[in-house]
Amino acid sequence: MSLSPPYVSAITAAILILMQMALLFSVVQTRRRVRQSLGDGGKQEMLLAIRRHGNLAENAALFIVGFALLELLGAGHLWVAMLCAVFVLARISHVIGLSMPAKTVNRLRVAGTAGTTLIGVALAVRLIFAAIPYLTG
């Protein structure tokens, strides 16, 4: 089996890095606007900017490693591309949901969380099945 570089994961990583930088810039702008140097200062606007940035950071790196490993283990690029696309859309949905006025149920935030969870489970299961043949020789 010939393996190729994880180019789908690389493109996805680039997209997520750009999203992370945009969210970082949003935190910096919010800090300047509300004059809050450290922490959220009890300001809801600051807390939301920090959470949008932090939530992506909490998820993106682990998923990129998983996607790259899946590609390196020989999973089809189309399969990995579909997982990556849904993950990116889920993360965008979550960011938009966290940007909307507070509601009891925010469908975009729920969709982002559900999409991330589903892709996480699918990625984990696929990684296990992709790696098993290499264990048995």
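Out of everything in segment 45-82 that is surrounded by 17 or more Cβ atoms within 10 Å (Cβ to Cβ) and β-branched (V, I, T), what residue ends up being nearest to P133 (Cα to Cα)? Ranking the candidates gives V80 first. Here segment 83-112 is the region considered, the condition is being β-branched (V, I, T) and modelled with pLDDT of 95 or more, and the residue that is surrounded by the most Cβ atoms within 10 Å (Cβ to Cβ) is V88. With respect to the conditions (1) part of a helix (DSSP H, G or I); (2) over 27 Å from S4 (Cβ atoms); (3) among the hydrophobic types (A, V, I, L, M, F, W, C), A102 falls short on a single one, namely (1).
Please verify whether segment 58-80 includes one or more residues that are farther than 21 Å from Y7 by Cα and either more than 13 Å from the chain's Cα centre (by Cα) or assigned to a helix (DSSP H, G or I) (or both).
Yes, segment 58-80 contains at least one residue that is farther than 21 Å from Y7 by Cα and either more than 13 Å from the chain's Cα centre (by Cα) or assigned to a helix (DSSP H, G or I) (or both).
Of all the residues in segment 22-44, those that are surrounded by fewer than 13 Cβ atoms within 10 Å (Cβ to Cβ) and either among the hydroxyl-bearing types (S, T, Y) or assigned to a helix (DSSP H, G or I) (or both) number 7.
Quick check on segment 3-19. Is at least one of its residues surrounded by 17 or more Cβ atoms within 10 Å (Cβ to Cβ), hydrophobic (A, V, I, L, M, F, W, C) and farther than 23 Å from L108 by Cα? Yes, segment 3-19 has at least one match.
The values are calculated or read from the model by the stated rules, or taken from the named source; none is laboratory data. Bear in mind that the values here come from a model prediction, so they are computed numbers and not experimental data. All Cβ positions, even for glycine, are placed from backbone atoms using ideal geometry, and neighbour counts span all protein chains on display.
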